[in-house]
Amino acid sequence: MKFRFDLLPQEFKSLPRDVLGIFLAALATVLCISWTGSMSMRNAFQLKTAQEEIEKAENELRDLNRRIGELQPQAKIISSIKNRIDFLNANLDTPASSWVDFLYTLETTVPERVFIRDFNPKDFSAKGGQFTLEGDAASVNDVLTFIGRLQASGRFSQVFPLQSAGKNVDGRVLTGFTLSLIYQGRP
């Protein structure tokens with residue numbers, strides 16, 4: 001008679017055979033690999049979808065920036081207009097020697113047959129400013145009348161002709177002149 005002793009405790013004898021354990025381990029490995037693969041494919045699909053949305057949003061942003069750039073005026077134009085506005089504001093804020101006062105006084109002294117082309121400088125902020133006026137008149141007598149009116153206004157002093165020359169415009173002879181004067185402002 002042969003004796004057989006089984007020294008393995010009962011809790012380790014739960015699986016009847018080793019083949020079942022190997023099968024369950026293989027099944028768990030296959031399930032883990034398939035779950036990891038499916039999650040990887042799902043994540044790749046979500047990443048691709050998100051990347052397409054980002055590219056679409058970036059293209060819309062580029063298009064919007066391009067359209068905004070087309071609508072915005074050029075910086076040079078804005079700067080030029082701002083400088084003009086600042087010039088006008090600076091000269092309109094000083095009532096005793098403002099641009100408006102200068103032009104109004106000048107307009108009241110200009111005879112009917114005299115045309116002013118330009119005056120320099122265009123800064124009226126200080127009393128006693130030296131100016132030059134350039135213009136045309138129908139005759140020398142009109143220029144002399146203009147000089148007399150400037151001196152009689154009380155706002156201009158030291159009015160002197162710098163140059164005078166005859167011009168032929170459309171068959172008529174005009175007298176071109178340049179005057180030097182000092183603007184005194186309001187008395």
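All of the numbers you see were taken from the coordinates with simple rules; none came from a lab. Since we're looking at a predicted model, the values are computed, not measured. Note that each Cβ is placed from the backbone with ideal geometry, even for glycine, and that neighbours are counted across all protein chains shown.
Which number do you get for Rg(Cα) / (2.2 N^0.38 Å) in segment 17-69? Each step should come with its number before you reach the end.
Numbers: Rg = 22.9 Å, N = 53, 2.2 N^0.38 = 9.9 Å.
Taking the Cα Rg and dividing by 2.2 N^0.38 Å, one obtains 2.30.
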For the ranges 130-136, 39-45, what's the packing order if you count other beta-carbon atoms within 10 Å of each residue, average per peptide, and put the highest first? 130-136, 39-45
How would L24, L71 line up from fewest to most surrounding beta-carbon atoms within 10 angstrom? L71, L24
